[in-house]
Amino acid sequence: MLAILLVVFAAIPSSAGPFEDAVGQFANDSFSDTEAAVSALAASGNTQALPIISALQEGRLLADTASKAVLIRQADGKVVDAATGSAVASAPASASAVRLNNRLRRVVEAALGSLTLLSPDPARRIQAAQSAFKTRDAAALPAIEDALKKENVSAAKRAFAEARAAIILSKPDASETDKIEAVSTIRARGDQDALALLSGLSGLSPDVTGVVQSAIGSIQNNLALWSIGQNAWYGISLGSVLLLAAIGLAITFGVMGVINMAHGEMVMIGAYVTFVVQEVIRNKYPGLFDYSLLIAVPLAFAVAGLIGILIERCVIKFLYGRALETLLATWGISLVLQQAVRTMFGPTNREVGNPSWMSGAFEIGQITITYSRLWIVCFTIAVFFILLAMLRYSRIGLEMRAVTQNRRMAASMGIATSRVDALTFGLGSGIAGIAGVALSQIDNVSPNLGQSYIIDSFMVVVFGGVGNLWGTLVGALTLGVANKFLEPVAGAVLGKIAILVLIILFIQKRPRGLFALKGRAVEA
């Protein structure tokens, strides 16, 4: 008799639990049932809740109203049962994606945020807390407070505290004490999101309103200081670009006295060498793409340097002492080089990609620093000091300094000034070429690339002192920072005009620039 009863009870199907009931509601094709199902899953704590709601958000949650089957289509195309995660041969023909409207999308986003609050990955917990900070969904408050108690990572703990404070400030029934404490937490955050949150509050008591206004003023003052720091970084970044573009011109102009209007085209050639290197790597050696810039730098230096030596030997050599003819000749050469590049590569912009180590950005306080700009600053510093060491300690550097200070005396001491001129022009052109490698990462690679920097390069050289590398460094950084601080006030165009006027006035007082070269020939 007992055996018969056991068989009978085993044959009776067990009733579905709350989790399975919630999953089954997705098959009702009702927005209200879907919302109820999402809320129930978020509160269930079941490990399948996150995959189900993620699939719903991405349109991969399938439901069949006839059979009441709820399935997940995975990224690889396989289909699994939503409630159990077990594989299914195929989805019913009548199954379709569960529908969402705008209200449901917000509910799904909030549910996903609450589900990832207890993720083992701290980055995901911080992301979930930031999502809760933005949505300020009161239903997520218990989960956030529970996560806050368990959190050990300081960054995640701070993110949870900020999300909790944002929700409390959005709750009309929160106590005055809790709101004042929440304002203090948001004030400590101190960014634009915190300012927007506090500025949008209304219906507060006089005491809370006073605290909020004080916090708003403090955040605005703090952001103003960070804005100065951000502009200073932008100025240093721009200054490093100007220094990289102008340093070769400073050498050429200082030693040879040649106004080289084709200097910008050497920069352009370096950028196109980078493009060619990346095209070869993309087509034949894709695994080397992260090393493309390291390969392009010596090649750009060599190509631009050889072209510079060719120009000096074939054209400029015959025009020394005739500044106007040299200027016109190099201007004509710049037009020839531009047209040659247009013929070879076309007039449109060319794509030059960023290696992985130059992609992305990070923040220091409220200052955003992109890796591409940071590496360009580091690269410029390295080029500057390598060039400085070469001029100071190498034989060719000694000869270049001798020719710069007194050409006739250097020639009488046995220095081949014509050879020094050729090598100097090649060195200046080669440095312009590696400047093009760096600029290809932040500017459009086109035949007109060099024209964007030639005028600024001349201003840097004249302002800093012709032929003086330290003057070029100070001049580039000064003009870069001044430009970035003037732009928000006067605009980009008027800012450049103001810089130009100031330089003209400065040159009237100091014709030789900030750091004038010393020497008998220079002072004569």
Among LYS134/LYS484; LYS150/LYS171; LYS78/LYS157; LYS157/LYS484; LYS78/LYS134, the pairs whose Cα-Cα distance exceeds 30 Å are LYS134/LYS484; LYS78/LYS157; LYS157/LYS484; LYS78/LYS134
The percentage of Cα-Cα pairs in region 135-242 separated by more than 18 Å is 55 percent
Rounded to the nearest Å, the spacing of the alpha-carbon centers of region 184-217 and region 395-454 is 57 Å
So the angle from the long Cα axis of helix 451-464 to the longest Cα principal axis of the chain, reported in degrees to the nearest 10, equals 60 degrees
For the ALA97, ALA188 Cβ pair and Förster radius 56 Å, calculated FRET efficiency rounded to 0.05 is 0.85
With 0.36 nm assigned to each residue of separation and the Cα-Cα distance removed, ILE364 to LEU324 gains 9.5 nm
Surrounding charge for ALA89, neighbours by C-beta under 12 angstrom, Lys/Arg +1, Asp/Glu -1, total 0
The answer for the chain, accessible area per residue at 1.4 Å probe in Å², is 51 Å²
A chain fully extended from GLN508 to ALA389 at 0.36 nm per residue, minus the present Cα-Cα distance, gains in nm 39.6 nm
Taking every other residue with Cβ under 13 Å from the Cβ of MET400 and scoring Lys and Arg +1, Asp and Glu -1, one gets +3
Counting only protein heavy atoms and leaving out ligands, DNA and RNA, the solvent-accessible surface of THR135 at a 1.4 Å probe, in Å² to the nearest 10, equals 60 Å²
extent check for region 439-519: Cα max minus min per principal axis, descending, whole Å, gives 41, 28, 17
If the label point sits 7 Å along Cα→Cβ of ARG342, residues of region 439-468 with amide N under 11 Å come out as 447-448
Simple SL model, points at 7 angstrom along Cα→Cβ for ALA232 and ALA302; separation in nm is 4.3 nm
On the accessible surface of the chain, probed at 1.4 Å with all protein chains in place, carbon and sulfur together account for a percent value of 61 percent
Longest principal axis of the chain (C-alpha) makes with the long axis of helix 122-135 (C-alpha) an angle, in degrees to the nearest 10, of 80 degrees
Between ASN221 and VAL493, the two model label points (7 Å from Cα along the beta-carbon direction) sit apart by a distance in nm of 3.9 nm
Relative to the chain, whose Cα atoms define the longest principal axis, helix 2-11 and its Cα axis are tilted in degrees, nearest 10, by 40 degrees
Between the alpha carbon centres of region 319-389 and region 58-95 the gap in Å comes to 54 Å
Of THR417, THR47, ordered by accessible area with the largest first and a 1.4 Å probe, the sequence is THR47, THR417
Per principal axis, largest first, the Cα atoms of the chain extend in Å by 125, 63, 37
For ARG60, ARG419, ARG106, the accessible-area ranking with a 1.4 Å probe, largest leading, is ARG106, ARG419, ARG60
Looking only at aspartates and glutamates whose Cα falls under 15 Å of LYS496's and that sit 8 or more positions away or on another chain, we get ASP456, GLU487
With a Förster distance of 56 angstrom and the Cβ-Cβ distance between SER452 and SER86, calculated FRET efficiency to the nearest 0.05 equals 0.35
Filtered hits (aspartates and glutamates, Cα-Cα < 20 Å from LYS149, offset >= 8 within chain) -> ASP121, ASP137, GLU162, ASP178, GLU181
Distance in nm between ASP178 and ALA382 label points, each 7 Å along Cα→Cβ, equals 5.5 nm
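The values are calculated or read from the model by the stated rules, or taken from the named source; none is laboratory data. Please read all numbers here as calculations on a predicted model, not as lab measurements. Reconstructed Cβ throughout: ideal geometry from the backbone, glycine too, with neighbour counts over all protein chains shown. These area figures cover heavy atoms from the full protein model, side chains too; ligands, DNA and RNA do not enter into them. Shrake-Rupley method; radii C 1.70, N 1.55, O 1.52, S 1.80 Å.
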